[in-house]
Amino acid sequence: MTARPTRIVDAHVHLWDPANVEWYPYLGGGQDLGMGDVTGMARRFDVPTYRAEAPGWNVEKWVNVAAATGRHSVAEALEMDRRADTEGHPDAIVGGLPQTDSVAESIALLDEQLAARRLRGVRPMSPKAPPVPDDDVLRALVERNLAFDLMAHPHQLLEAARRLVDHPDLVVVVEHAGWPRSTSDEERDLWSAGIRALADAGEHVHCKLSGLAMPLGAMTADGFRPWLEPAIEAFGPSRCLFASNFPVDGLHGSLDQLWSAYAEVTAGLPEDERDLLFAGTAERVYRC
């Protein structure tokens, strides 16, 4: 049996309630995500639910990542922080960077979210906006000690790397291991070049190892390995962090299957490197 990691800091979860249809219209069928049937993730997901679905895995901390649409993601970040005051989790929050008409407006939304004590970064909330925002917004993130979660598909990674190399003081986290959409040879080639470029952009760029169940449609070590091992080799364990992307990835399997697959892929690594991948890097990056 593959040894389990000593501890886990899940660097990407969505603690949501589909009953809030204004924030999460797509969970009730009011908005098409292009993901097909999403009823499997359209359920209340909180820390007690997580614990019940991951028995035997020592998940110590959770990073909640914005999932409410548009500007609702700002209110979501503030609400998650209030909830953590009473419930103890989440331990860090990645808020939203909604599309706006001006840089000043974007920065004002950052400042609004700073009322959340656990805010550690933001991610863009509009699929129509460029993956990397204006340079002035990136500089504002540095000034506020906030990380930037990059949401970009393989064909966008090279350009993202070109932009982000000029911001060495900005903590960058590449979401979903570069967010491949399929396992085609063309997608794989784009992904490989993009991942190498982002890794070479500087020590400030990190890779969140998550979301791979979406293009693969399953959670297996053999399926994950061709994506996880090159990413870990490119960035190194000190710049990689595992995450579940639950309950979204729950469309394709269970938390136990996911963490078991991650554990199997990394079974041959030294224990200190495994700890970085499963917990240490997330703690450092998201300061939790």
With the structure loaded, tell me whether VAL38 is surrounded by 16 or more Cβ atoms within 10 Å (Cβ to Cβ), in contact with a strand residue (DSSP E or B) (Cβ under 6 Å, 6 or more places away or on another chain) and under 24 Å from ASP249 (Cα atoms) or whether it fails that test. no
Could you go through the range 86-109 and let me know if any residue there is over 19 Å from the mean Cα position of the chain (by Cα), charged (D, E, K, R), surrounded by fewer than 17 Cβ atoms within 10 Å (Cβ to Cβ) and under 30 Å from ARG162 (Cβ atoms). yes
Tell me, yes or no, whether the range 118-126 has at least one residue that is surrounded by fewer than 19 Cβ atoms within 10 Å (Cβ to Cβ) and basic (Lys, Arg). no
Flagged pairs (Cβ under 7 angstrom, 6 or more apart or on separate chains; first in the range 157-180, more than 22 Å from ALA282 (Cα to Cα); second surrounded by fewer than 23 Cβ atoms within 10 Å (Cβ to Cβ)) are LEU158/ALA193; LEU158/ALA197; ARG163/VAL132
Within the range 256-265, can you find the residues that are more than 16 Å from the chain's Cα centre (by Cα) and either within 13 Å of THR6 (Cα to Cα) or in contact (Cβ under 8 Å) with a residue 60 or more places away in the chain (or both)? ASP256, SER260, ALA263, GLU264
Checking the condition within 18 Å of GLU175 (Cβ to Cβ) and either among the hydrophobic types (A, V, I, L, M, F, W, C) or modelled with pLDDT of 95 or more (or both), which residue from HIS72, HIS14 passes? HIS14
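The values are calculated or read from the model by the stated rules, or taken from the named source; none is laboratory data. No experiment lies behind these values; they were computed from the predicted model shown. Positions of Cβ are generated from backbone atoms using ideal geometry, with glycine treated the same way; all protein chains shown enter the neighbour counts.
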